[in-house]
Structure formats: C-alpha cells, structure tokens
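The values are calculated or read from the model by the stated rules, or taken from the named source; none is laboratory data. These figures come from a predicted structure and were not determined experimentally. So basically every Cβ, Gly included, is an ideal-geometry build from the backbone, and we count neighbours across all protein chains shown. When the accessible area is computed, the model is the full protein with side chains, heavy atoms only, and any ligands, DNA or RNA have been set aside. Shrake-Rupley method; radii C 1.70, N 1.55, O 1.52, S 1.80 Å.
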Amino acid sequence: MKKLISFFVVSLMFSCSAFAQNAVSPAPLGFDVVQTNIPHGKIDTISYKSKTVGTVRKALIYTPPGYSKDKKYPVLYLLHGIGGDEKEWFREGQPQVILDNLYAAKKVEPMIVVLPNGRAMKDDRAIGNIYDGVKVQAFATFEQDLLKDLIPYVEKNYPVVKDSQHRAIAGLSMGGGQSLNFGLGNMDKFAWVGGFSSAPNTKMPKDILPNPELAKQKLQLLWISCGDKDGLITNSKRTHDYLVANNVPHIYYVDHGYHDFKVWKNSLYMFSQLLFKPVDKSTFDKISNVGRPAESNIRSAQYPQILPDGRAIVRIKAPEAQKVQLDLGKKYDMVKGADGVWEATTDSLSEGFHYYTINVDGVGVCDPSSETFYGMGREASGIEVPFRGDSYYETRNIPHGDIRIKRYYSEVTNSWRNFYMYTPPGYDQNTSEKYPVLYIMHGGGEDQRGWATQGKTDLILDNLIAEKNAVPMIVVMPDGNLPAGNFGEEGLKLFEKEMKQSVIPFVEKNYRVKTDAQSRALAGLSMGGLQTLYMGLFNTDMFAYLGVFSSGWIQSMFNDVANRQYEYLQNNVDKVNANLKKLWLSQGGKEDIAWQNCQIMRGKLDAMKIKYVYSEYPGGHTWPVWRNNIYNFAQVLFK
C-alpha cells in the first residue's frame with residue numbers, strides 16, 4: 001500500500017507539470033534579451049538569520065511570472081563563483097531574463113530561484129584576497145548555512161514544495177563545485193544537481209559519490225557542463241569519467257567557450273528546461289552530444305552544426321533535387337528527408353577553418369546558411385571548427401581597431417583596385433602618432449579579404465596590443481592577384497612594381513605611417529610567401545622584417561627565379577643579414593604542401609649563412625596555421 005501511495009504521489013507530481021521534459025538545444029540568439037511584451041517575474045532581496053554564521057545574511061530570490069501564494073513551487077538554488085556574491089548571477093547572468101523568456105515560450109516549469117551568497121562568513125563581501133584560506137573555507141561552510149538556515153527560511157516564508165523532488169541546486173565555477181559537493185552529498189535534499197564549469201573545490205568523484213547505486217535511485221537529473229576551452233574542464237571530465245565507469249545516468253555537455261558567462265548562461269538555459277518534469281534518461285546522451293551552430297553560420301542559422309567529437313552536420317533544403325552532395329574536399333552523399341531537407345554528417349574535422357560547397361544535381365553552390373568566403377578562386381561557404389588553442393583571436397572586452405577598405409587607382413595596372421587595412425585602437429584619436437606597417441599577402445585562390453576575414457587579423461592584433469605583446473601597427477592587406485598571373489616571374493615582377501609604385505606610396509601619402517625600413521614588414525602565406533621572398537629578399541633596404549608562411553620556391557616551377565635569388569644572396573650575405581632584423585620562415589608541419597620546398601630553401605640559406613628563424617605549427621596548409629603565424633610574427637615586429 002505504501003508503494004502504491006508513493007507511486008501515486010510521484011505520478012501526481014509529474015502529471016501536474018505543464019510541460020514534458022524534452023531533449024533541449026543550445027540557446028538561440030536573443031535568449032537573454034529582455035522582451036517587453038511578455039509577463040515578467042520579480043527579483044527581491046531577502047534577509048535570513050544564519051545560526052551557522054552568527055549573523056543576518058542576504059540572498060536574492062526570483063519569483064516567476066504569475067507568482068501566487070496560493071500555489072506551491074519547486075525551488076532552484078543557484079550559486080555564484082569565487083569572485084562573486086549573491087548579485088553576480090543577477091548582474092552578469094540575468095537569470096530572470098532567461099527564465100522569463102523561457103516561461104513565455106512554455107519551456108520551463110514555474111519555479112522559485114534563490115541566489116545566495118555562498119561565502120558563509122560574517123564579512124561575506126567579495127573583496128581583498130578572494131583566494132585567502134579563510135574565505136575559501138567559507139564556501140565549504142555554506143553547506144550548513146544552506147541546509148540549516150537558508151532552506152528553512154525559504155520554506156517557511158514562500159509557498160514551496162518541501163521535498164528533494166522539488167529542490168534543485170546548481171552553480172558556476174566555485175558554485176559548481178559546491179553544487180556537486182552539496183547536491184551529491186545530500187541526495188535526500190536535492191534530486192536535481194548541476195555543476196557549470198566546476199572549480200577545483202569539487203571533491204574527488206569517489207569521495208563525492210561513494211555509492212553510485214544510491215545516485216541512480218535518488219537523482220532525477222545530474223548535469224555537468226563546461227566550456228571546451230576552459231582550463232578547469234579537467235574537474236568536470238574526471239567526474240564525468242567516474243559516472244560513466246559506474247553507469248550513473250547524467251548529462252555531460254561540453255560547450256564552446258571559456259570560463260565565462262557565455263557558457264554559464266547557456267548552461268542555465270538548457271538545465272532549467274529539464275527541471276521538475278518527468279525524466280526521460282534515454283535523452284541524456286542526445287543532449288550531451290547535441291550540436292552547436294558553427295561560428296561561421298549566418299545570423300540565427302542552426303546549421304551547419306559542430307558535434308562534440310568534431311563532426312559536422314550540414315543541411316540544405318532542396319525538395320526538387322535528385323542528388324545532393326557535400327563537398328569538403330571529401331564528398332559526402334546527403335540524404336533527403338520527408339520535408340525536402342538534405343542532410344549529411346561529416347567525419348571528424350580538423351580544428352579551424354574549412355571551405356566547402358554543396359553540389360545540387362551537379363552544380364556547386366554555396367550553403368545559404370553559411371557565410372561565404374573568397375577562397376579556391378571562387379566564392380565558397382566556410383565552417384569554423386573550434387579548438388582550445390584559439391583564444392588568441394576571441395573577441396574580448398578591450399579597445400578594438402578597425403578594418404578599412406580603401407580604393408586607389410593603380411598606374412601599374414591602369415585600374416581601380418582596393419586593399420584592406422587594419423588600424424590599431426586609438427589611431428583616429430592619437431593624431432600626432434605615426435605607426436609602423438606590416439604589408440601582408442594572401443595565398444593563391446584568395447584575395448585581399450583573406451587576412452581580414454578568414455585570418456581574423458584584427459582580433460589577433462587587438463588582443464596582442466591590449467596585452468602589450470605587440471607594438472601598435474598598421475596592417476595593409478593588398479590584392480596580390482595581378483594581370484600577369486600569379487605563378488611566374490612576370491607576375492612576381494608586376495607584384496613588386498605594384499607595391500613599390502602604387503600601394504606603398506599611397507599608404508605613406510594618406511596614412512600616418514613611418515617610412516623607414518625598420519618600420520616596414522612584408523609577409524605572406526603560400527603564394528604570398530613567394531611574393532614576399534621575391535620582393536623582400538631583393539629589397540632588404542625597404543623591409544627590415546620578412547615573414548614567409550607555408551611557402552618556399554616551388555620545385556621546379558621557380559628554379560630559375562630561385563637560383564637567381566640564391567646568387568644574389570651569396571653575393572650580398574653581409575648586407576642582407578645586416579638589413580634584416582628578422583627573416584621568419586614557418587610551416588604547418590610535414591603535412592603542409594609547401595614543407596619540402598621550404599626545407600630545400602632552408603638548406604640553401606644555411607649554406608650561405610643567411611640568418612633566419614624557423615618554426616612549425618601543426619595543421620598543414622590551412623588557416624589555423626596562418627593565424628598562429630601572424631600571432632607569433634606580430635610579436636617580434638618593430639621592437
């Protein structure tokens with residue numbers, strides 16, 4: 001009879017849920033933007049007497065839209081990080097906005113959310129040395145404050161259901177560790193537990209969960225999430241691995257991002273939709289492995305999606321098509337759904353940027369859901385695969401420079417042309433300052449847009465300058481495609497002429513730049529590397545810095561040009577070594593198509609005792625390599 005009553009109560013609890021639990025997706029654009037035309041919840045400050053701390057403490061409390069004292073609500077206790085307090089989520093995470101929008105979309109159960117101060121000590125302000133041992137210990141002390149003081153206060157003063165099935169705990173960073181420690185250590189109090197980017201205060205898995213079987217019986221939901229580029233991801237991973245080894249159902253969601261609120265807000269968005277609803281644990285793996293829209297998608301496009309293992313899902317609607325293929329170098333046959341949408345899932349893709357097209361009945365087209373890029377001699381779609389090492393071109397809250405597009409008339413080609421230009425932060429304000437210039441060239445099949453778009457030059461330089469790891473500089477990105485063709489000596493001569501007679505004079509006449517060789521650098525990738533070799537080594541009186549990325553004289557196409565240059569260098573070793581402050585050669589490892597050509601060239605330079613610096617960054621002949629090249633090369637310029 002007791003089992004029957006228990007079953008009836010649990011069934012009644014979930015039958016009262018307004019919405020069933022479904023597989024959830026990452027947050028769409030605008031999920032955290034205030035909507036004025038929907039009902040809103042309310043944020044208040046509460047004060048409660050803490051016997052644990054011996055003082056009156058404060059917390060924030062969110063009551064949902066339509067809140068009524070005549071109803072009973074479940075409660076989520078949402079914890080902050082080591083540098084925050086009860087207002088951190090409110091200030092930076094805006095849970096009230098996220099939840100209001102979810103309520104309006106009928107995606108969450110009405111719930112009360114309590115935002116406490118997890119630093120349980122009399123002076124609980126986040127000031128001074130927040131890592132002081134006494135303050136860190138206060139986060140552990142909060143367990144007793146929460147269980148013995150705060151929860152009883154909330155359950156006495158608000159209409160809440162007072163059992164574990166209606167009580168959840170989650171938090172970010174230090175609060176994520178607290179949530180896992182307190183939630184898994186008190187499964188009679190919490191049936192819903194979430195750790196977002198949990199910090200090192202998280203106990204070891206076998207200590208936090210010595211009885212995995214109990215977790216299987218008691219927990220409705222265990223959620224663990226972290227950014228893929230978060231340095232603390234090992235804490236989440238070790239807990240996940242332990243749970244997998246012991247067959248404890250849970251969601252392990254690895255987001256794309258760092259240790260910041262972009263990740264934590266998305267975690268709250270997804271986690272909150274699963275709370276206080278009937279649980280379908282068969283969806284856990286699907287949620288753990290849900291794809292994320294690629295950064296290179298057009299606004300609001302959900303596909304292509306990047307899966308946690310690096311595979312990509314691409315979709316296109318073409319109901320009348322007979323055969324559709326995804327061309328990513330390797331071709332994938334796409335499968336047509338009933339709605340006329342074709343889909344393909346790729347193999348695991350290497351990190352960074354990939355060009356692709358979609359062949360519809362034999363015609364190659366760009367994906368309408370992706371941004372387009374000029375590459376391979378044509379417009380193509382692009383897909384960006386994230387990786388932990390790409391933080392140097394993330395968008396940060398720092399001063400930013402500008403990308404400018406400037407038209408000029410070329411007397412060399414008798415035509416109007418343009419170049420892209422990066423000007424550093426403060427260029428328009430510091431009107432008396434003159435800057436050094438890096439002229440940087442794109443590769444074959446690309447144009448002046450390459451370094452600005454695929455290369456993310458502005459973000460790389462912005463971040464380096466903000467960190468004081470690079471001198472503020474102007475970067476000019478010319479179009480290296482000229483009428484004489486790009487892969488022959490005539491084309492190289494015309495490039496040199498265009499730079500000497502058109503681009504450099506125009507820049508030095510119209511912009512505040514320094515005009516001595518010590519303030520000029522020339523660099524390029526692949527074809528642009530050949531242009532750099534040709535112009536740069538023959539003109540070391542113009543450029544004190546040369547950067548040759550994924551390049552080298554091509555055997556045997558450029559043997560005659562290379563031999564003439566080697567002869568010149570042999571006769572001018574002292575001059576070249578004296579003029580060049582840095583000759584930088586780099587490759588994308590042995591898989592780089594230019595690697596062998598470069599090694600032959602290095603042998604020649606070594607024999608002549610021409611000084612240079614050589615580096616390799618694995619990745620082949622790709623943009624992740626060249627982004628890393630400019631990141632490192634820029635740090636040695638003009639110093």
Legend entry - Estimated vicinal HN-Hα couplings, Hz - region 185-197 in sequence order (Karplus 6.51, -1.76, 1.60; Gly, Pro = x): x, 9, 6, 7, 9, 10, 9, 10, 9, x, x, 9, 6
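Per residue of the chain, what 222 nm ellipticity follows from adding -39500 (n - 2.57) for every DSSP H run with n ≥ 4, rounded to the nearest 500?
Using -39500 (n - 2.57) per qualifying helix, the result is -8500 deg cm²/dmol.
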Inset, instruction - Rounded to the nearest 10 degrees, what's the angle between the helix 489-498 long axis and the longest principal axis of the chain, both from Cα atoms, 0 to 90? - result: 80
Inset, instruction - Kindly express, to the nearest 10 degrees and within the range 0 to 90, the angle between helix 95-104's C-alpha long axis and the longest C-alpha principal axis of the chain. - result: 80
Inset, instruction - Multiply the residue separation of K49 and T234 by 0.36 nm, subtract the distance between their alpha-carbon atoms, and state the gained length in nm to one decimal. - result: 62.9 nm
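What's the ranking of 200-206, 403-409, 262-268 by average number of surrounding C-beta atoms within 10 Å, highest first?
By packing density, highest mean first, the sequence is 262-268, 200-206, 403-409.
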Inset, instruction - Note the listed values (1) 71, 62, 52; (2) 98, 64, 48; (3) 92, 66, 49, then indicate which one is Cα extents along the principal axes in Å calculated from this particular structure. - result: (2)
Inset, instruction - Let me have the relative contact order for the chain, percent, based on Cα pairs under 8 Å that are six or more residues apart. - result: 8
Legend entry - Heavy-atom accessible area per residue - region 185-248, 1.4 Å, Å²: 39
Legend entry - N247-E467 pseudo-label distance in nm [points 7 Å out on the Cα-to-Cβ vector]: 4.7
Inset, instruction - Over the residues of region 319-423, compute the C-alpha Rg and express it relative to 2.2 N^0.38 Å. - result: 1.47
Legend entry - Accessible area of region 184-293 belonging to carbon and sulfur atoms, whole % at 1.4 Å probe: 52
Legend entry - R0 of 35 Å, Cβ-Cβ distance L29-N359: FRET efficiency to nearest 0.05: 0.75
Legend entry - Principal-axis tilt of helix 595-608 within the chain, Cα atoms, nearest 10 degrees: 50
Legend entry - E567 - accessible surface, heavy atoms, 1.4 Å probe, Å² rounded to 10: 120
Inset, instruction - Output the relative contact order of region 407-551, whole-number percent, from Cα pairs under 8 angstrom with separation of 6+ residues. - result: 29
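Rounded, prolate or oblate: which fits region 447-521 when a ≥ b ≥ c are the square roots of the eigenvalues of the alpha-carbon gyration tensor, with rounded for a/c under 1.5 and prolate only if a/b beats b/c?
On the way: a/c = 2.62, a/b = 1.52, b/c = 1.73.
Oblate shape, in that a/c is at least 1.5 and b/c is the bigger or equal ratio.
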Legend entry - Over region 266-325, relative contact order from alpha-carbon pairs under 8 Å, at least 6 apart, %: 20
Legend entry - Extended-chain gain in nm, criterion 0.36 nm per residue less alpha-carbon gap, Q501 and K58: 152.5 nm
Inset, instruction - Might you report the magnitude of the Cβ-based charge dipole of the chain about its Cα centre, with Lys and Arg at +1 and Asp and Glu at -1, to the nearest 20 debye? - result: 1680
Inset, instruction - Keeping all protein chains in place, calculate the accessible area per residue for region 270-418 (probe 1.4 angstrom), answer in Å². - result: 50
Inset, instruction - Express the carbon and sulfur contribution to the solvent-accessible surface of region 561-619 as a percent, rounded to the nearest whole number, probe 1.4 angstrom. - result: 50
Legend entry - Solvent-accessible ranking of T55, T234, largest area first, probe 1.4 Å: T234, T55
Inset, instruction - Quote the FRET efficiency, to the nearest 0.05, computed for N37 versus S300 with a Förster distance R0 of 22 Å and r equal to the Cβ-Cβ distance. - result: 0.70
Legend entry - With DNA, RNA and ligands ignored, accessible area of H240 (1.4 Å probe; Å², nearest 10): 40
Inset, instruction - Give me the accessible area per residue for region 40-160, probe 1.4 Å, as a whole number in Å². - result: 44
Inset, instruction - Using a 1.4 Å probe and counting only protein heavy atoms, arrange W595, W223 so the residue with the most accessible area comes first. - result: W595, W223
Legend entry - Pairwise FRET efficiency - V134 versus L307, Cβ, R0 = 35 Å, nearest 0.05: 0.20
Inset, instruction - Could you let me know the centre-to-centre spacing of region 305-337 and region 120-169, using Cα atoms, in angstrom? - result: 49
Legend entry - All aspartates and glutamates inside 18 Å of K639 as judged from Cα atoms, apart from same-chain residues fewer than 8 positions distant: E433, D462, E467, D516, D541
Legend entry - 11 Å reach of a label modelled at T413, 7 Å along Cα-to-Cβ, counting backbone N of region 437-451: 447-448
Legend entry - Accessible area in the full protein assembly, largest first, 1.4 Å probe, for V248, V335: V335, V248
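Could you sort out which of K216/K265; K206/K286; K87/K206; K87/K262; K162/K281; K434/K468 sit more than 21 Å apart by Cα distance in this structure?
Beyond 21 Å: K216/K265; K206/K286; K87/K206; K162/K281.
Write down the percent of antiparallel bridges among all DSSP beta bridges whose residues are both part of the chain, to the nearest 5.
Looking only at bridges with both residues in the chain, the antiparallel portion is about 55 percent.
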Inset, instruction - Could you check how much of the accessible area of region 407-524 is carbon and sulfur, as a whole percent, using a 1.4 Å probe? - result: 44
Legend entry - Relative packing of 613-620, 494-501, which averages over residues the other C-beta atoms within 10 Å, highest first: 494-501, 613-620
